[in-house]
1. Does any residue in the stretch 64-90 that is of a type in the set (Lys, Arg) come within less than 8 Å, Cβ to Cβ, of a residue that is loosely packed, with under 12 Cβ neighbours inside 10 Å and not in a helix (DSSP H, G or I) six or more places away or on a different chain, and which pairs are these?
2. I'm checking my understanding of the structure. Among residues of the stretch 28-41 that are open to solvent by 20 Å² or more (accessible area, probe 1.4 Å) and under 13 Å from ILE80 (Cβ atoms), which one is modelled with the lowest pLDDT?
3. Among the numbered criteria (1) loosely packed, with under 12 Cβ neighbours inside 10 Å; (2) at pLDDT 95 or above; (3) among the small types (Gly, Ala, Ser), which one does ALA21 miss?
4. Please go through the stretch 42-81 and give me each residue that is open to solvent by less than 50 Å² (accessible area, probe 1.4 Å) and hydroxyl-bearing (Ser, Thr, Tyr), ordered by number.
5. Given (1) without any contact (Cβ under 8 Å) to a residue 40 or more places away in the chain; (2) surrounded by 15 or more Cβ atoms within 10 Å (Cβ to Cβ); (3) among the hydrophobic types (A, V, I, L, M, F, W, C), where does LEU14 come up short, assuming only one miss?
Amino acid sequence: MYPAYLRGAAHLQLHQGNDAAAEYQKIVDHPGLMLACPLGALAQLGVARAFLMAGDQAKAQSYYQKFLTLWKDADPDIPIFTAARAEYAKLK
């Protein structure tokens, strides 16, 4: 699943939201493979960012909520977590 995650990240860097969402969705669709890996949760955030980039705010908001629910007990000072919360707050 690492190649799919890296391809998703690359597509985000290239501002190709739909392609990024497709790559991250491969991970999201197989949660059993990512149980002990943080990339499973980070893929939720990747899908959220990809849908936001593609202009689908409703789907982006849904995936941001899923990510934030998965990380609800995380250290609040983790940079990616604070960034995700800020991005989600802008959607509301």
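1. none
2. Taking the candidates together, the pick is PRO38.
3. Of everything listed in (1) loosely packed, with under 12 Cβ neighbours inside 10 Å; (2) at pLDDT 95 or above; (3) among the small types (Gly, Ala, Ser), ALA21 misses just condition (1).
4. Listed by number, the residues that qualify are SER62, TYR63, TYR64.
5. Failed condition: (2).
The values are calculated or read from the model by the stated rules, or taken from the named source; none is laboratory data. The model shown is predicted, which means the values in this text are computed figures rather than measured ones. All Cβ positions, even for glycine, are placed from backbone atoms using ideal geometry, and neighbour counts span all protein chains on display. Only protein heavy atoms, including side chains, enter the accessible area calculation; ligands, DNA and RNA are left aside. Shrake-Rupley method; radii C 1.70, N 1.55, O 1.52, S 1.80 Å.
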